[in-house]
Amino acid sequence: MPTTPLFCRLPGLVFLGLAGLALAIAPSGAAAMPRQDAPAQDAAKPAAPEAKSSTPAKKKAQRAKPARKKGRAVEKNAESDTPPAAAPAGGGLKFSQDVAPILVANCVGCHSGNGVGLRRGKLDLTTFEKLQKGTASHKIIQPGKADESHLVLRVKGEETPRMPQGANRELSDEAIGRIAQWVNEGARLDSGVDPKATLESYASSPEQVRRRQLAKMSPKERDDKVEAAGRARYKQANPKLTPTIVPGDHFMAFSNLPDDRVKNLLKTLETQYGQLHRVLGSSAVDPVEKVGVYIFTTKSDFVEFVRTVESRDLGPDEASTARMGIEHPYVAALDPSGGRKEEPAAKKGRSKSKRGEDSGPERTLPGLVVESFGAGLVEASGKPPRWLSKGLGAYLGSRVEPRSPYYRQLRQTAFTNQEQGWRTKAQAALGETDQATVDDIQAVGFAIVEMLATAEYQRGFSRFVNGLLKGPDKLDDALSSAYQATRDAFLEQTGNWVATSYGRIR
Ligand code: HEC
């Protein structure tokens, strides 16, 4: 029974008739896609969770309130990544980039609204204009004279109570130095910034600050950091291991694999990265630094890696993992062929049943790595529902290792969901309710992505994904903006597609 698309008939659109995501989301197509719904670049980026834990944070600041944590990150990044007098090219600090983030993270909470800094200190720090105005009775900044400015004297503790107020809440020397330098340079606002705008509206997040600092480094310096982080993590898995390091354009591989296998892996990753980037468009989180690719050949090493680096136990069928959107992002995997010369290649006829009960579906290393990397990048690029990140990751993997029985199994699971009543099962998976297992979520997500990547639907796909990145509750909005479809039509259409396309593979 042929499926008739109920949606995606956008007037005036010519379908290219190219199967698959690879060609579907070609650069020209992406450019033609209306982009008014593109989410703000950084708004949805999760703060780097590991950034807080992987670098020794100041113990004494650990009891601080959430608002302070941000401040710590600013200071920490500043401490670790900026040489003390690092002025941007052209000299001079920028208020919006160098000072406002410190104030937002450490001061504005108290010096605004109902905060004690405003109520008792009579100092409002919400805007640049108010910062310049000072308290009701006096200014706190003397441009060019840091030693005579209350702002600086307070953060240095030369005037008490020291700011930020509260026990053990000092700013780092670097942060203090930056404020003082900015005052000495004239305490100006950078051009183009509205003095009446809240500092919060333009101050960079700690993650943005970190990225900017990375961007300022030379490629060599950046690579050195990625290499050091990778070596350290590899050591955590097994101190006896010494990986061979092979850099690529956007990745850096750490492994003991034969040379050509590493090269092949990096090449595959680059290709899939390019494709995913086109789908995600401007929402894609850009790692700036190279993504570490840690390959282990022994299960115990991989188990230990996950335990030490991710502080969790490896799942029963898990052979890869990824953390993007953090400091030194990575993807790590256990090589299915145990470091041998060849990929297992998922040869036809070698099915799971032949290999015994407890072995997972056969995979290739590039497939595993691409799947995890893809899911990780989607996750870090916004607030996508799980079915989307997992489904898109699996879809990319299926392009790399199309013959792996793993995808047949995903399709089988999706088909079973269809037989049991797609509407209910898919709703559960999309909404991540208790009725949906992780396997269901993954299989339903994979099926939906596979359908949307076909020629018929590909034109709206990037738009749809971008809509979903805005939040798990954005399905209806994304459907209507990308396909002018209701959820009802979407469920019916996906159900029909799964029934016809996957029915055959039984
Ligand atoms: C926990 C709340 C709190 C935080 C956080 C805080 N302040 Fe204050 N601030 C106060 C209070 C309360 C006062 C009034 C203290 C006094 O002088 O008796 C004050 C006073 C000041 C003054 C003195 C104003 C004057 O009268 O000259 C300055 C300057 C100041 N704060 C700057 C800052 C800066 C800069 C930060 C961040 C680095 C900061 N504060 C963080 C509560 C806070």
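The values are calculated or read from the model by the stated rules, or taken from the named source; none is laboratory data. Given the structure is predicted, the values throughout are model-derived calculations rather than measurements. Backbone-built Cβ (ideal geometry, glycine too); neighbour counts: all protein chains shown.
Does Ala105 satisfy the condition of being assigned by TED's automatic domain parsing to the domain that holds Ala180 and either buried (at least 20 other Cβ atoms within 10 Å of the Cβ) or on the phi > 0 side of the Ramachandran plot (or both)?
Values: assigned by TED's automatic domain parsing to the domain that holds Ala180: yes; either buried (at least 20 other Cβ atoms within 10 Å of the Cβ) or on the phi > 0 side of the Ramachandran plot (or both): yes.
It is true that Ala105 is assigned by TED's automatic domain parsing to the domain that holds Ala180 and either buried (at least 20 other Cβ atoms within 10 Å of the Cβ) or on the phi > 0 side of the Ramachandran plot (or both).
What are the residues in segment 377-404 that are farther than 14 Å from Gln272 by Cα and part of a helix (DSSP H, G or I), if any?
Glu379, Ala380, Arg386, Trp387, Leu388, Ser389, Lys390, Gly391
Within segment 177-199, is even one residue within 20 Å of Pro287 (Cβ to Cβ), surrounded by 16 or more Cβ atoms within 10 Å (Cβ to Cβ) and among the basic types (Lys, Arg)?
Within segment 177-199, the first condition is being within 20 Å of Pro287 (Cβ to Cβ), and the residues that meet it are none.
No: zero hits.
Show the residue pairs meeting these rules: Cβ distance below 6 Å; 6+ apart or different chains; first residue within segment 466-483 and over 12 Å from Pro385 (Cα atoms); second residue of a type outside the set (Phe, Trp, Tyr) and not in a helix (DSSP H, G or I).
From residues that are over 12 Å from Pro385 (Cα atoms), the pairs are Leu479/Ala485; Ser481/Asp37; Tyr483/Cys8.
Each row is one residue, and each column tells you yes or no for (1) modelled with pLDDT under 95; (2) over 21 Å from Ala197 (Cα atoms); (3) buried (at least 18 other Cβ atoms within 10 Å of the Cβ); (4) polar (S, T, N, Q).
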position	(1), (2), (3), (4)
Gly113	yes, no, no, no
Val116	yes, yes, no, no
Asp124	no, no, yes, no
Lys130	no, no, yes, no
Lys139	no, no, no, no
Pro143	no, no, no, no
His150	no, yes, yes, no
Leu153	no, yes, yes, no
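For a quick check of your reading of the model, give me the residue pairs whose first member lies in segment 157-178 and is at positive phi, whose second is surrounded by fewer than 13 Cβ atoms within 10 Å (Cβ to Cβ), with beta-carbon atoms closer than 6 Å and at least 6 apart or on different chains.
As it stands, the answer is Asn168/Lys60, since those pairs meet every condition given.
Looking only at segment 104-115, which residues are in a helix (DSSP H, G or I) and either more than 6 Å from the ligand (Cβ to nearest atom) or free of Cβ contacts under 8 Å to residues at least 60 places away in the same chain (or both)?
Of all residues in segment 104-115, those in a helix (DSSP H, G or I) come to 104-106.
Result: Val104, Ala105.
For segment 124-155, enumerate the residues that are more than 8 Å from the ligand (Cβ to nearest atom), touching a helix residue (DSSP H, G or I) at 6+ places or on another chain (Cβ under 6 Å) and free of Cβ contacts under 8 Å to residues at least 24 places away in the same chain.
Correct list: Asp124 only.
Of the numbered conditions (1) closer than 21 Å to Ser112 by Cα; (2) in contact with a Phe, Trp or Tyr (Cβ under 8 Å, 6 or more places away or on another chain); (3) within 14 Å of the ligand (Cβ to nearest atom); (4) not polar (S, T, N, Q), Pro195 satisfies every one except a single condition; which is it?
Condition not satisfied by Pro195: (3).
Look through segment 303-330, keep the residues that are closer than 19 Å to Met252 by Cα and in contact (Cβ under 8 Å) with a residue 60 or more places away in the chain, and return whichever of them is surrounded by the most Cβ atoms within 10 Å (Cβ to Cβ).
Out of the qualifying residues, it is Tyr330.
Can you tell me which condition Lys133 does not meet? The list is (1) under 39 Å from the mean Cα position of the chain (by Cα); (2) more than 19 Å from Thr160 (Cβ to Cβ), and all the others hold.
Here Lys133 clears every test but (1).
Pairs, please: C-beta under 9 Å, at least 6 apart or cross-chain, first residue under 21 Å from Lys474 (Cβ atoms) and in segment 425-445, second assigned to a loop (DSSP other than H, G, I, E, B) and of a type in the set (Ser, Thr, Tyr)?
Gln427/Thr433; Ala429/Thr437
Looking at this structure, is Gly431 farther than 30 Å from Pro287 by Cβ, outside the structural domain of Leu365 (by TED's automatic domain parsing) and within 22 Å of the chain's Cα centre (by Cα)?
Details: farther than 30 Å from Pro287 by Cβ: yes; outside the structural domain of Leu365 (by TED's automatic domain parsing): yes; within 22 Å of the chain's Cα centre (by Cα): yes.
Against the criterion (farther than 30 Å from Pro287 by Cβ, outside the structural domain of Leu365 (by TED's automatic domain parsing) and within 22 Å of the chain's Cα centre (by Cα)), Gly431 qualifies.
In segment 232-286, which residue that is small (Gly, Ala, Ser) and closer than 24 Å to Ser389 by Cβ is modelled with the lowest pLDDT?
Across segment 232-286, the extreme among qualifying residues is Ser282.
Taking Val193, is it at pLDDT 95 or above, under 37 Å from the mean Cα position of the chain (by Cα) and not acidic (Asp, Glu)? Before you say what the answer is, go through the steps one by one.
Values: at pLDDT 95 or above: no; under 37 Å from the mean Cα position of the chain (by Cα): yes; not acidic (Asp, Glu): yes.
So Val193 does not fit the description; no.
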